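Structure record follows, encoded as structure tokens.
The values are calculated or read from the model by the stated rules, or taken from the named source; none is laboratory data. All of these numbers come straight from a predicted model, not from anything done at the bench. Note that each Cβ is placed from the backbone with ideal geometry, even for glycine, and that neighbours are counted across all protein chains shown. Protein only, heavy atoms only, side chains kept; ligands, DNA and RNA dropped before computing areas. Shrake-Rupley method; radii C 1.70, N 1.55, O 1.52, S 1.80 Å.
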Amino acid sequence: MPITTIIPDLFVFLTFLGDIFILLLIINLLVKISAVDDFKNSLRKNSLLLAFIISLMASLGTLFYSEILGYPPCTLCWIQRAFMYPIPIILGAALLKKSLNIKKYAIFLAAIGALIAGYHYLVQIFQLSTVCAIGSETPCNIAYSFELGYITIPMMSLTVFILIIVLLFKMKS
């Protein structure tokens, strides 16, 4: 099986796992589930490292989709990348310096990125015509990938941004 099919499948699987985790956290807010609380507590001590790994994989993943698979990014994809690319640098520096003061900067970038990714996902799902197509060769409503009935590249991005926010909020201060 070629790497050009393995890696997208891996990203879909990881997105699905991330979405399940987010859903469990939401359910846990409504009804306390002790297993979820135990899992969250064990994540707390490694949340910075996990957020770094997730953001680095997402940044490299965007390059895989555009440079290896040849999917040209639209304007909204570029904007999401602008908010994603600094996050692994900031989190990597925080890991090296053992500094937790960066939390608010990475959360700020991830929150804006999540809003843009959410909007982009809606544009794709509802096939909205957007201004972002102006000046761009690639319209924003094209979905290069649609897996499991809901996972597109903007959904992958949205999942990553939300996971980063959750992990950094849960980070041991």
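Summary of computed values
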| read-out | value |
| --- | --- |
| Mean Cβ count within 10 Å, highest first, over the residues of peptides 47-58, 145-156 | 47-58, 145-156 |
| Between 0 and 90°, nearest 10: helix 75-84 axis offset from the chain longest Cα axis | 20 degrees |
| Between segment 1-74 and segment 147-173, the alpha-carbon center distance in angstrom | 6 Å |
| Mean separation of Cα contacts under 8 Å, 6 or more apart, over the residue count of the chain: relative contact order % | 33 percent |
| Angle between the chain longest axis and helix 47-63 axis [Cα atoms, degrees, rounded to 10] | 10 degrees |
| Counting all C-alpha pairs of segment 1-91, share separated by more than 23 Å (%) | 38 percent |
| Between helix 34-44 and the chain: long-axis angle, C-alpha atoms, 0 to 90°, nearest 10 | 80 degrees |
| Selected from LEU60, TYR150, TYR105, residue furthest toward positive end of dipole (the chain; charges at beta carbon) | TYR105 |
| Local net charge near PHE16, Cβ-Cβ under 13 Å (Lys/Arg +1, Asp/Glu -1) | -3 |
| With DNA, RNA and ligands ignored, accessible area of PHE126 (1.4 Å probe; Å², nearest 10) | 140 Å² |
| Most positive-pole-ward Cα, ALA93, GLY70, LEU122, against dipole of the chain from beta carbon charges | ALA93 |
| Relative contact order computed over segment 54-112 (Cα-Cα under 8 Å; 6+ residues apart), in percent | 35 percent |
| ILE151 long-range amide H proximity, modeled H, under 5 Å | none |
| Semi-axes of the equivalent ellipsoid for segment 60-103, Cα gyration tensor, largest first, Å | 27, 12, 4 |
| Karplus-derived 3J(HN,Hα), 6.51/-1.76/1.60, for each residue of segment 142-156, Hz, glycine and proline x | 7, 9, 6, 9, 9, 10, 6, x, 7, 8, 10, 4, x, 5, 4 |
| Charge dipole magnitude, Cβ of K and R +1, D and E -1 - segment 66-173, Cα centre, debye nearest 20 | 760 debye |
| Spread of Cα-to-Cα distances over 10 Å intervals beginning at zero, given as percent, for the chain | 10, 37, 35, 16, 3, 0 |
